[in-house]
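> Below: one structure in structure tokens.
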Amino acid sequence: MGFFLETLFGGLMAGMLYALVAIGFVLIFKASGVFNFAQGAMVLFAALTMARFAEWIPRWTGLDNMLLVNLLAACVAAAAMVVVAWLVERLVLRHLVNQEGITLLMATLGISYFLDGAGQLLFGSSTYKIDVGMPKDPMIVLENVFPGGLLLSKEDLYAAAMAAVLVVLLSLFFQKTKTGRALRAVADDHQAAQSIGIPLARIWVIVWSVGGLVALVAGIIWGSKLGVQYSISLVALKAFPVVILGGLTSVPGAILGGLIIGVGEKLSEIYIGPMVGGGIENWFAYVLALAFLLVRPQGLFGDKIIDRV
Amino acid sequence: MNGMSNRKTGEVILDVQNISLSFGGVKALTDISFDVREHEVRAIIGPNGAGKSSMLNCINGVYQPQQGQITFRGQHFRHMNSRQVAEMGVARTFQNLALFKGMSVLDNIMTGRNLKMKSGLLAQALRWGPAAREEIAQREFVERIIDFLEIQLHRKTPVGRLPYGLQKRVDLGRALAMEPQVLLLDEPMAGMNVEEKQDMSRFILDVNDEFGTTIVLIEHDMGVVMDISDRVVVLDYGKKIGDGTPDEVRNNEDVIRAYLGTEH
Amino acid sequence: MFYRENGQFKTSYQSDLQIFPIAQDRIALALFALVAFVAVPMLASDYLFRAVLVPFLILSLAAIGLNVLVGYCGQISLGTGAFMAVGAYAAYNLNVRIEGMPLLLSLIGGGVCAMAFGILFGIPSLRIRGLYLAVATLAAQFFTDWFTNRVAWVTNGSSSGSVSVSALSLFGLPLDTPARKYLLCLSLLVLLGLAAKNLVRGAIGREWMAMRDMDVAAAVIGIRPVYAKLSAFAVSSFIVGVAGALWGFVHLGAWEPAAFGIDKSFQLLFMVIIGGLGSIVGAVFGAAFIVLLPLFLNFVPHWLGLAISTGTASFLEHMIFGALIVFFLIVEPHGLAALWATARQKLRLWPFPH
């Protein structure tokens, strides 16, 4: 039972991390109607920028207060993501207004290839460290309930807390601010939003910047946990089924979807894995999402696709 | 010109009985009953939002009514699916033109022949003998429709590029290609100018005359309705408020009130 | 001046329904066939066959298959690599386990297995649409990746996880030279391409396009959505499966599951988009573009005398590739096929401007 709970917890934490990346997707999809295949590449790019600048700033300025260095590096990385957002809007989105979904998908795939190459060209392709002071030691809880107690990761808990804060901030932003309302209008109908005077270009830069910042947070957390390397952008592919499960337009859906997939993956790997030679984690998320979609084609909280004739 | 000319209206071919339809809390149709006789031109009229398109959608299997039934040639059924309805010989056009924008005029109308085409996949892949002959035979049939609708010039044009009036003709052509016994027309003249309306009226009457097709037509233009229909059903807020010949309906007080808009 | 239809009147529907109704097109095609079937095998170098022509032909075939599904029927699929893998491994098993199995039967058998797989994974498309379907197809991709990696039966118990075929022969004639392999691929491309073209311009093709353009209206016309979608998956995956088998047998010779991973799926999707959705010849253009591009990118720095490390070159390639995809999507979203059609239109008017 103890082991089960540990696995469960591990799954929840992993799910939280997936959800972080997925939230970026949902935001961009909600406001620009674009399914951003490049989200993973953005996570990697943000993480790389942060990691490298955290290395370079002490070297260039002699600063050794790690907190300050990390803060500065994070600012640089955030700025970089805003620049990326601006470039994406200017060079890509502006010219593809009202194109079909598959064209936009392919465009983001192109952006993803570009970012992958650019990130590694600018910052190198080895594994880099991000150290934002997250505790690496595990903690043991509930020693009086289970013999030896449950082994939980403090780092994961911190990550979950950060993610929760992020979600709350984002919800407030969307629901309560004028910009948030404009974003929701744009998500509904580009042309209608334009015709009432919403500046589409500026909105998209804002949205993609927010998506980029979310990617940065995800990048910091993932990078701190796994080290910053190319494979991060592949892990982000896992976020697709999360988004599908939760519904493409729902942030709570992304979180719930992430948790379900995180737990499902871990449990199936531990309990079913040995029977079939392991490696289930590679496809479980997708098959789960697929099975779910058969029952509910729009995901948990997604908008129903209605056709009018 | 009264639509009666030289056609004999026959027996009841389509019988709509006590149809009620709701979407969530909204009642679109309440207890509608009327019949359609073979070879006649039956108009459904009513103010906007009366439920006319919903009625056609029920007949055609796009919506499933919660209550009531529809009888076609003596066969009762409650839940039709679109394909079964199509196979039984009911075709329709759409208010918003559900044309296949990526295809040419010719191809759009050819899709209407799909029910009649029997060649299997392999035969089509090889385009041998029977498959090739079938394609040509269907092409001939469709060309006759294209001649009838006078759109020969545009047969290879992608429909998305045609002006609205021509697109409406293609929509009609696609429905005609199904060789229907009953043709449901949903506002076939919406958005047309006087000349185009005259053309369309002529086509509809010709179809009715030459092929004996029963026509059920939703239309807003009263002049057209009075001119070409044999009988009229009037709907308002999902209820039937009139049923009879154009003259009878024109003098019906409820109908006048509905259109001129007094209290409800 | 030369490319005019003057005097070419069609007096029967049969002649109007030809694939190449313009006489000049037919002449050009005959010349092209002559070059492809006769001149190239005689003149091309081994390198050209191995590195350019054979992969181009096989990927064209796969792209045609994918175009049937994505371009004509409008069902997005990100799992094409998996279908190729199924074709390749099925063909391999038929080849290795059945004594004296003829090559063509193995290839076709691979296609048939891929077809069954395709129909199975096509079933979700009856309920799921658009982007949701795209991600659902990833399930096929990753599941197959895992399956071909873990299930020993698939690789005939190979300890390293990789399989190989050797000593291919067709009707007793050994396929030992690159030229012969090229001709095999070319012939299969022509045959299956023609079959695909016949399908898309016939009744089933119109059903597919109707489903793509407006599936609600299609049902009202009497088109069966289930049959239309599943037949698209079936035909598409058959062709892709045969291409996969060819890729393993003829191009690679020896392969492991990574050869058919998600990168391949993306590559094929790029080909179809760049080449032009809904165009058989577009798929071929797209394949040519994608095959030639990396070679070109490798060649240019060499030609300019710049020395770049392989790592840098590969990153640059990624960047240029991504940028070109975006550029293409902006400039000509209907792909190379549309550019080609425009060029021919201009040619018909040449030397007049309009």
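The values are calculated or read from the model by the stated rules, or taken from the named source; none is laboratory data. On a predicted model such as this, the values are computed, not experimentally measured, just so you know. All Cβ positions, glycine included, derive from the backbone under ideal geometry; neighbour counts span all protein chains shown.
> Looking at region A:70-90, which of the residues that are within 19 Å of A:I203 (Cα to Cα), hydrophobic (A, V, I, L, M, F, W, C) and touching a helix residue (DSSP H, G or I) at 6+ places or on another chain (Cβ under 7 Å) is surrounded by the most Cβ atoms within 10 Å (Cβ to Cβ)?
The extreme case among them is A:V88.
> Still on this structure: Only residues that are at the interface with another protein chain (Cβ under 7 Å from one of its Cβ atoms) and not aliphatic (A, V, I, L, M): list them for region B:103-118, please.
Residues of region B:103-118 at the interface with another protein chain (Cβ under 7 Å from one of its Cβ atoms): B:103, B:107, B:110-112, B:114-115, B:117.
Of everything in region B:103-118, those that are at the interface with another protein chain (Cβ under 7 Å from one of its Cβ atoms) and not aliphatic (A, V, I, L, M) turn out to be B:D107, B:T111, B:G112, B:N114.
> Could you tell me which residue of region B:138-173 is surrounded by the most Cβ atoms within 10 Å (Cβ to Cβ), considering only residues that are among the β-branched types (V, I, T) and within 13 Å of chain C (Cβ to nearest Cβ)?
So, considering only residues that are among the β-branched types (V, I, T) and within 13 Å of chain C (Cβ to nearest Cβ), the one surrounded by the most Cβ atoms within 10 Å (Cβ to Cβ) is B:V170.
Per-residue answers, yes or no, for (1) out of contact with any strand residue (DSSP E or B) (no Cβ under 9 Å at 6 or more places or on another chain); (2) away from every other protein chain (no Cβ under 14 Å); (3) surrounded by fewer than 24 Cβ atoms within 10 Å (Cβ to Cβ); (4) not charged (D, E, K, R):
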{"residue": "C:V240", "(1), (2), (3), (4)": "yes, yes, no, yes"}
{"residue": "C:A243", "(1), (2), (3), (4)": "yes, yes, no, yes"}
{"residue": "C:L246", "(1), (2), (3), (4)": "yes, yes, no, yes"}
{"residue": "C:L252", "(1), (2), (3), (4)": "no, yes, yes, yes"}
{"residue": "C:I262", "(1), (2), (3), (4)": "yes, no, yes, yes"}
{"residue": "C:I273", "(1), (2), (3), (4)": "yes, no, no, yes"}
{"residue": "C:N298", "(1), (2), (3), (4)": "yes, yes, yes, yes"}
{"residue": "C:W303", "(1), (2), (3), (4)": "yes, yes, yes, yes"}
{"residue": "C:E317", "(1), (2), (3), (4)": "yes, no, yes, no"}
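> Something else now. Looking at A:S231, is it within 14 Å of another protein chain (Cβ to nearest Cβ), surrounded by fewer than 17 Cβ atoms within 10 Å (Cβ to Cβ) and not aliphatic (A, V, I, L, M)?
Values: within 14 Å of another protein chain (Cβ to nearest Cβ): yes; surrounded by fewer than 17 Cβ atoms within 10 Å (Cβ to Cβ): yes; not aliphatic (A, V, I, L, M): yes.
Here the answer is yes, as A:S231 does meet what is asked.
> List the number of the failed condition for C:S231; all other conditions in (1) modelled with pLDDT under 90; (2) farther than 18 Å from C:W340 by Cα; (3) within 14 Å of another protein chain (Cβ to nearest Cβ) hold.
It fails just one condition, (1).
> Could we say that A:I111 is buried (at least 19 other Cβ atoms within 10 Å of the Cβ), within 11 Å of chain C (Cβ to nearest Cβ) and at pLDDT 90 or above here? Before the answer, list the steps.
Working: buried (at least 19 other Cβ atoms within 10 Å of the Cβ): yes; within 11 Å of chain C (Cβ to nearest Cβ): yes; at pLDDT 90 or above: yes.
Criteria met by A:I111.
> Hey, another quick one. Restricting attention to region A:91-104, which residues are surrounded by 21 or more Cβ atoms within 10 Å (Cβ to Cβ) and not in a loop (DSSP other than H, G, I, E, B)? Outline the logic, then answer.
Filtering region A:91-104 for residues surrounded by 21 or more Cβ atoms within 10 Å (Cβ to Cβ) gives A:92-93, A:102, A:104.
Hits for region A:91-104 are A:L93, A:I102, A:L104.
> Would you point out which residue out of A:S209, A:S250 is within 14 Å of chain C (Cβ to nearest Cβ) and either closer than 16 Å to A:A41 by Cβ or surrounded by fewer than 24 Cβ atoms within 10 Å (Cβ to Cβ) (or both)?
Working: A:S209 fails: within 14 Å of chain C (Cβ to nearest Cβ).
Every option except A:S250 fails the conditions.
> Let me ask another. Which is within 14 Å of chain C (Cβ to nearest Cβ), touching a strand residue (DSSP E or B) at 6+ places or on another chain (Cβ under 7 Å) and under 18 Å from B:L184 (Cα atoms), of B:I59, B:I32? Spell out how you get there, then give the answer.
Values: B:I32 fails: within 14 Å of chain C (Cβ to nearest Cβ).
Checking each option against the conditions leaves just B:I59.
> Run down C:F37, C:F49 and say which single residue is farther than 30 Å from A:L105 by Cβ, surrounded by 20 or more Cβ atoms within 10 Å (Cβ to Cβ) and not aliphatic (A, V, I, L, M). Give the steps one after another, and end with the answer.
Values: C:F37 fails: surrounded by 20 or more Cβ atoms within 10 Å (Cβ to Cβ).
Of the residues listed, the single one that is farther than 30 Å from A:L105 by Cβ, surrounded by 20 or more Cβ atoms within 10 Å (Cβ to Cβ) and not aliphatic (A, V, I, L, M) is C:F49.
> Can you run down the residue pairs with Cβ atoms below 6 Å, 6 or more apart or on separate chains, where the first is in region C:194-210 and more than 7 Å from chain B (Cβ to nearest Cβ) and the partner is crowded, with 21+ Cβ neighbours inside 10 Å and not in a helix (DSSP H, G or I)?
Close Cβ pairs (under 6 Å, with a partner that is crowded, with 21+ Cβ neighbours inside 10 Å and not in a helix (DSSP H, G or I)) amount to C:W208/C:C73.
> Looking only at helices (runs of 4 or more DSSP H) that fall completely inside region A:239-309, which ones have 3 or more residues that are in contact (Cβ under 8 Å) with a residue 12 or more places away in the chain and closer than 15 Å to C:I128 by Cα?
On the way: elements: A:239-246, A:251-271, A:273-276, A:281-295.
Once the helices (runs of 4 or more DSSP H) in region A:239-309 are filtered for at least 3 residues that are in contact (Cβ under 8 Å) with a residue 12 or more places away in the chain and closer than 15 Å to C:I128 by Cα, what remains is A:239-246, A:281-295.
> Here is a follow-up. Return yes when B:R92 is touching a Gly at 6+ places or on another chain (Cβ under 6 Å) and under 23 Å from C:G205 (Cα atoms) and no when it is not. Can you show your working first?
On the way: touching a Gly at 6+ places or on another chain (Cβ under 6 Å): no; under 23 Å from C:G205 (Cα atoms): yes.
No, not satisfied.
> What is the number of the single condition among (1) at positive phi; (2) more than 14 Å from chain A (Cβ to nearest Cβ) that C:W340 does not meet?
(1)
> Take B:E87 and tell me if it is touching a Leu at 6+ places or on another chain (Cβ under 8 Å), facing another protein chain (nearest Cβ under 10 Å) and touching a residue at least 24 places away in the same chain (Cβ under 8 Å). Give the derivation first.
Working: touching a Leu at 6+ places or on another chain (Cβ under 8 Å): yes; facing another protein chain (nearest Cβ under 10 Å): yes; touching a residue at least 24 places away in the same chain (Cβ under 8 Å): yes.
Answer is yes for this residue.
> Within region C:47-57, identify whether any single residue is under 20 Å from C:W247 (Cα atoms), more than 14 Å from chain B (Cβ to nearest Cβ) and in contact with a His (Cβ under 6 Å, 6 or more places away or on another chain), and answer yes or no.
Narrowing region C:47-57 to residues under 20 Å from C:W247 (Cα atoms): C:47-57.
Cutting the leftovers down to more than 14 Å from chain B (Cβ to nearest Cβ) gives us C:47-57.
In the following step, the residues that additionally are in contact with a His (Cβ under 6 Å, 6 or more places away or on another chain) were identified as C:54-55.
Within region C:47-57, one or more residues are under 20 Å from C:W247 (Cα atoms), more than 14 Å from chain B (Cβ to nearest Cβ) and in contact with a His (Cβ under 6 Å, 6 or more places away or on another chain).
> Return the residue satisfying two criteria in turn: it lies in region B:1-50 and is at pLDDT 85 or above and of a type in the set (G, A, S), and of such residues it is surrounded by the fewest Cβ atoms within 10 Å (Cβ to Cβ).
Of everything passing the filter in region B:1-50, B:S33 is surrounded by the fewest Cβ atoms within 10 Å (Cβ to Cβ).
> Turning to a different aspect of this structure: Among (1) within 9 Å of chain A (Cβ to nearest Cβ); (2) without any contact (Cβ under 8 Å) to a residue 24 or more places away in the chain; (3) within 22 Å of the chain's Cα centre (by Cα), there is one condition C:F147 misses while meeting the rest; what is its number?
(3)
> A follow-up question, please. Checking B:A131 against (1) within 20 Å of the chain's Cα centre (by Cα); (2) within 9 Å of chain C (Cβ to nearest Cβ), which test does it fail?
Only one criterion is unmet by B:A131, namely (1).
> Still on this structure: In the set A:M139, A:M162, which member is modelled with pLDDT of 75 or more and either touching a Pro at 6+ places or on another chain (Cβ under 6 Å) or not in a loop (DSSP other than H, G, I, E, B) (or both)?
Being modelled with pLDDT of 75 or more and either touching a Pro at 6+ places or on another chain (Cβ under 6 Å) or not in a loop (DSSP other than H, G, I, E, B) (or both) holds for just one of A:M139, A:M162, which is A:M162.
Quick grid of which residues meet (1) over 25 Å from B:E38 (Cβ atoms); (2) away from every other protein chain (no Cβ under 14 Å); (3) in contact (Cβ under 8 Å) with a residue 40 or more places away in the chain; (4) in a helix (DSSP H, G or I):
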{"residue": "B:I136", "(1), (2), (3), (4)": "yes, no, no, yes"}
{"residue": "B:E179", "(1), (2), (3), (4)": "no, no, yes, no"}
{"residue": "B:L185", "(1), (2), (3), (4)": "no, no, yes, no"}
{"residue": "B:M189", "(1), (2), (3), (4)": "no, yes, no, no"}
{"residue": "B:K197", "(1), (2), (3), (4)": "yes, yes, no, yes"}
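> Next question. Output the number of residues of region A:179-200 satisfying the condition of being under 23 Å from A:L169 (Cβ atoms) and in contact (Cβ under 8 Å) with a residue 12 or more places away in the chain.
So the answer is 8.
> Considering only region C:19-76, how many residues are of a type in the set (G, A, S) and assigned to a loop (DSSP other than H, G, I, E, B)?
Initially, region C:19-76 is screened for residues of a type in the set (G, A, S), giving C:23, C:28, C:30, C:33, C:36, C:39, C:44-45, C:51, C:60, C:62-63, C:65, C:71, C:74.
Still in the list and also assigned to a loop (DSSP other than H, G, I, E, B): C:44-45, C:74.
Total satisfying the criteria: 3.
> Could you tell me whether C:I223 is touching an Asp or Glu at 6+ places or on another chain (Cβ under 6 Å), closer than 21 Å to C:V68 by Cβ and buried (at least 23 other Cβ atoms within 10 Å of the Cβ)? Spell out the reasoning first.
Working: touching an Asp or Glu at 6+ places or on another chain (Cβ under 6 Å): yes; closer than 21 Å to C:V68 by Cβ: yes; buried (at least 23 other Cβ atoms within 10 Å of the Cβ): yes.
Spelling it out, C:I223 is indeed touching an Asp or Glu at 6+ places or on another chain (Cβ under 6 Å), closer than 21 Å to C:V68 by Cβ and buried (at least 23 other Cβ atoms within 10 Å of the Cβ).
> I would also like to ask the following. Could you grab the pairs with beta carbons closer than 8 Å, sequence gap of 6+ or different chains, first residue in region C:35-63 and more than 23 Å from C:M115 (Cα to Cα), second one in a loop (DSSP other than H, G, I, E, B) and at pLDDT below 80?
Every condition considered, the pairs that remain are C:L53/C:A44.
> Turning to a different aspect of this structure: Please verify whether C:D25 is acidic (D, E) and modelled with pLDDT of 80 or more, treating the condition exactly as stated.
Working: acidic (D, E): yes; modelled with pLDDT of 80 or more: no.
Taking the combined requirement at face value, the residue does not satisfy it.
> Let me ask something else. Could you pull out every one of the helices (runs of 4 or more DSSP H) wholly within region C:252-354 that has 1 or more residues that are of a type in the set (S, T, Y)?
Values: elements: C:262-275, C:280-304, C:310-331, C:335-349.
Where helices (runs of 4 or more DSSP H) fall fully within region C:252-354 and carry at least 1 residues being of a type in the set (S, T, Y), they are C:262-275, C:310-331, C:335-349.
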